[in-house]
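Every number in this text was worked out from the coordinates using simple rules, so none of it is lab data. All values reported here derive from a predicted model rather than from experimental measurement. Here the Cβ positions follow ideal geometry from the backbone for every residue, glycine too, while neighbour counts run over all protein chains shown.
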């Protein structure tokens, strides 16, 4: 697949929707396209498309990406017990900011167990990061993630948090009320708030030697005991060194295509599609949250964006998306969108676009777009090819649209319990962000 044919899909990141992906820099949070869930893949098998396409050689691994849901270790109760804190706020931090300065720091929460440290890998099996996590008696998780360069991310996770993905806000980290850092924070997923410490050795050392960590966001504050963190920080960095040196066993890699998404593609007739690992690519170079290849010349992908009522309906959102795509075309851009279809669980719209490039050749893009009634997720399934392969791209999109219509016209209860976001592009429960 030539690099030129990736530009139209990559331009989707330019659309003015919350949750657009941003590459991490030192001291700022790593963010995946949200639905990040976007970027975090299931931890275990299931239906996986046959074959594999290796990622481009020489691509540097991005810094730690957030999980799509609370960690698997000893989960806290779904709801805090009486007297427990309920921080960070489940309301949007932006809304909390209107309530003025954060309240006084609470008593630091105590860890429930010892710190658990383990490496994580990309979908090609290569080392991604090491993570240390613990659950606390305020119903929250505190997680530290160290990249291969030993840059550190700090995350607070709450099961069923309901945080608005993609929102950004200032965040203040304090160790023992003395060592303080102002950082950019974000809701990396509905269950995760995160920020980056980068390679700040003074602060990383403080985590290991301090007594408590206070985290302030606009309108709210929470605190954690730093019990056992001296050993934790040493073990976390040792995990990175050993993983890079091949001295510890890495976990089995997650599938490049989540099983339930793979099942959608198979039902659409794309049995010969090959999964393309995208999790090692910088966010602005990914063709989508997940991608696949049909033959040698057709690129398929799906990209997810969270939306709100203020964002507009599908007609408005899809037009803005296609307009953004047009700006990446170096020649003549010709879109063709069909009317919006109103289904039980989603609004759905199909369409296509062509880009007659100035440098020669015409790129064809076939699209299936929907907006979930349940959570507002805007999803774009795309198949892209040069004009000679237009029929294959259109056929693939026709199959995807057929499957999504069938799913979308089933009442939610017929589909069973909604899967974790990021695992299935259902009509009812659209997946999140990576």
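What is the calculated FRET efficiency for residue 394 to residue 168, with r their C-beta to C-beta distance and R₀ = 41 Å, to the nearest 0.05?
Plugging the Cβ-Cβ distance into 1/(1 + (r/R0)^6) gives 0.60.
If the chain between residue 234 and residue 137 were fully stretched, how many nm would it gain, using 0.36 nm times the residue separation less the Cα-Cα distance?
32.5 nm
Would you please give the FRET efficiency between residue 199 and residue 374, computed as 1/(1 + (r/R0)^6) with r the Cβ-Cβ distance and R0 = 45 Å, to the nearest 0.05?
According to the calculation, E is roughly 0.65.
Please report 232, 386 as a ranked list, fewest other C-beta atoms within 10 angstrom at the top and most at the bottom.
Arranged by neighbour count, lowest to highest, 232, 386 become 386, 232.
Please give, to one decimal in nm, the separation of the simple spin-label points placed at residue 241 and residue 124, each 7 Å out from Cα toward the Cβ.
In this crude spin-label approximation the distance works out to 2.7 nm.
So what's Rg/Rh here for the range 93-245, counting alpha carbon atoms and using the Kirkwood radius for Rh?
We get a ratio of 0.96 for the range 93-245.
Let me test this: with uniform point scatterers at the alpha carbons of the range 262-392, what is the Debye-based log₁₀ I(q)/I(0) at q = 0.17 1/Å?
Computed log10 I(q)/I(0) values: -1.00.
Can you give me the distance in nm between label points at residue 336 and residue 182, each placed 7 Å from the Cα along the Cα-to-Cβ direction?
Between residue 336 and residue 182, the simple spin-label model gives 5.4 nm.
Determine the relative contact order of the range 300-422: mean sequence separation of Cα pairs under 8 Å and six or more apart, normalised by residue count, in whole percent.
That works out to 25 percent.
How do 292, 115 line up, fewest other C-beta atoms within 10 Å first?
Neighbour counts put them in this order, fewest first: 115, 292.
What full-extension length gain, to one decimal in nm, is calculated for residue 359 and residue 315 as 0.36 nm per residue of separation minus the Cα-Cα distance?
So the extension gain works out to 12.6 nm.
Each label point is 7 Å from the Cα along the Cα-to-Cβ direction; what then is the distance between the points at residue 113 and residue 344, in nm?
4.0 nm
Over the range 93-245, what relative contact order in percent results from Cα pairs under 8 Å that are six or more residues apart?
28 percent
Roughly how large, in nm² to one decimal, is the mean projection of the convex hull of the alpha-carbon atoms in the range 216-297?
Result: a mean projected hull area of 10.5 nm².
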